[in-house]
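The block underneath contains the structure these notes are about, expressed in structure tokens.
We did not get these values from a lab; they are worked out from the coordinates using the rules stated. These numbers were taken from a predicted model, which means no experiment stands behind them. Backbone-built Cβ (ideal geometry, glycine too); neighbour counts: all protein chains shown.
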Amino acid sequence: MLKLAVLVSGGGTNLQALIDAIDKGAVTNAEISVVISNNPNAYALERAKDHGIEALCISPKQFGAREEFNRAFLETLNSYQVDLVVLAGFLVVLPESMIKEYENRIINIHPSLIPSFCGTGYYGLKVHEKALERGVKITGATVHFVDEGTDTGPIILQKAVEVRQGDTPEMLQRRVMEQAEWVILPEAVNLIANGKVSVSEGKVFIQEQPAAKEL
Ligand code: GAR
């Protein structure tokens, strides 16, 4: 059984999608051990508690120096001995020591087709504002492993979503969540929990995915 920690900062709809997928058996061999937020008011914490999942907040504001927060955060996370850390709308930059310790064991959901509209400053609604500003016709979401860069780690799954004329950032955000994020995040966890994902030379390989045929 793959033990998960889900890190959140806000509404927690991706956390909810994961909880629901585990409940209905669409994700197997996985359980959420803990939900950790940096924001005491994150609704995601309520979603976890409603479901009997341990939920806690560690905020940088509780600590004098960033280093102290980093240490406390890592200590708390380590105490749950999880196999996989899922960043589900977690808006804090992870300490490098944590990324090293959890190499290929942290995944993130990002609301665009990486490498478009990603990197420093691209999070939440801003991603969709930028996509609309650029006038792209297709956007989507990406689940990737987390490395030392911002949104640069090996890509596990992506799903495209149509941009429609007259979309507001909020409308586009909702469509990307419904059609892509809430689908591929549970799917990625299920693949990892069932031993189907490996990483080699910075690329992800998924077992049982049909290989391209020679023409
Ligand atoms: C989601 O759209 C997620 O992809 C995004 O924040 C939102 C969180 O929503 N994450 C990022 O932008 C990370 N760069 P949620 O709290 O309802 O799951």
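Skipping prolines and chain starts, which residues have an amide H placed within reach, meaning under 5 Å, of the one on residue 37, given they are 5 or more residues away or on another chain?
Answer set, sorted by chain and number: 8, 56, 57, 58.
Tell me, what HN-Hα J-couplings in whole Hz come from the Karplus equation 6.51 cos²θ - 1.76 cosθ + 1.60 at θ = phi - 60° for each residue of the range 4-21, using x for Gly and Pro?
Going residue by residue, I get 10, 10, 10, 9, 9, 9, x, x, x, 5, 5, 4, 4, 4, 5, 4, 5, 5 Hz, with x marking Gly and Pro.
Using θ = phi - 60° and the Karplus relation 6.51 cos²θ - 1.76 cosθ + 1.60, list the HN-Hα couplings for the range 114-126 in order, rounded to whole Hz, with x at every Gly or Pro.
Ordered by residue, 3J(HN,Hα) equals 4, x, 7, 6, 9, x, 4, x, 9, 8, x, 4, 4 Hz.
Of 88, 193, 44, which has the largest mean-square fluctuation in a 10 Å C-alpha GNM of the chain?
With Cα springs under 10 Å in the chain, the top fluctuation among 88, 193, 44 is at 193.
In straight Cα distance, which lysines are under 26 Å from residue 213, not counting same-chain residues fewer than 8 positions off?
159, 196, 203
Calculated FRET efficiency, residue 79 and residue 165, Cβ-Cβ r, R0 30 Å, to nearest 0.05? Can you show the working numbers first?
Details: r = 50 Å, r/R0 = 1.67.
It comes to 0.05.
Quick one: check the C-alpha center-to-center distance for the range 186-208 versus the range 36-106, whole angstrom.
Cα centroid of the range 186-208 versus Cα centroid of the range 36-106: 23 Å apart.
Which Cα, out of 152, 121, 168, lies furthest along the positive dipole direction of the range 83-179 (beta carbon charges, K/R +1, D/E -1)?
My answer, from the dipole projection, is 168.
Using 0.36 nm per residue, how much length does the chain from residue 138 to residue 59 gain when fully extended, once their Cα-Cα distance is taken away? Numbers along the way, then the final one.
Details: separation 79, 0.36 × 79 = 28.44 nm, distance 3.59 nm.
Gain in length upon complete extension: 24.9 nm.
So who's got an amide H within less than 5 Å of the one on residue 157, skipping anything under 5 residues away but keeping other chains? H placed 1.01 Å off N, in plane.
143
Which of 205, 90, 63 ends up with the largest GNM mean-square fluctuation for the chain, with Cα atoms connected below 10 Å?
Judging by the Gaussian network model, the answer is 63.
Taking only Cα atoms and a 10 Å spring cutoff, compute GNM fluctuations for the chain and point out the largest among 189, 161, 93.
93
With a sphere of radius 15 Å drawn around the Cβ of residue 31, what net charge do the other residues whose Cβ falls strictly inside it have (Lys, Arg +1; Asp, Glu -1)? If you can, show how the numbers build up before the last one.
Working: positive: 3, 24; negative: 20, 23, 54, 83.
So the environment of residue 31 carries a net charge of -2.
Spin-label point model (7 Å from Cα, Cβ direction): what's the residue 66 to residue 46 distance in nm?
Spacing of the two 7 Å Cα→Cβ label points: 3.2 nm.
Would you list 112, 33 from fewest to most Cβ contacts within 10 Å? Let's see the in-between values first.
Numbers: 112 23, 33 16.
Final ranking by Cβ density, sparse to dense: 33, 112.
Within the chain, what is the longest stretch that has no GluC sites (Glu not before Pro) placed in a DSSP loop and near at most 15 other beta-carbon atoms within 10 Å?
Longest stretch, sites excluded: 1-102.
Can you list which of the trypsin sites (Lys or Arg not before Pro) found in the range 1-90 are DSSP loop residues with at most 12 other C-beta atoms within 10 Å?
24
Report the antiparallel proportion of the DSSP beta bridges in the chain as a percent, rounded to a multiple of 5.
If I count the DSSP bridges inside the chain, around 45 percent turn out antiparallel.
Below 15 angstrom from the Cβ of residue 40, what's the summed charge of the other residues (Lys, Arg +1; Asp, Glu -1)?
After counting each charged neighbour, the total is +2.
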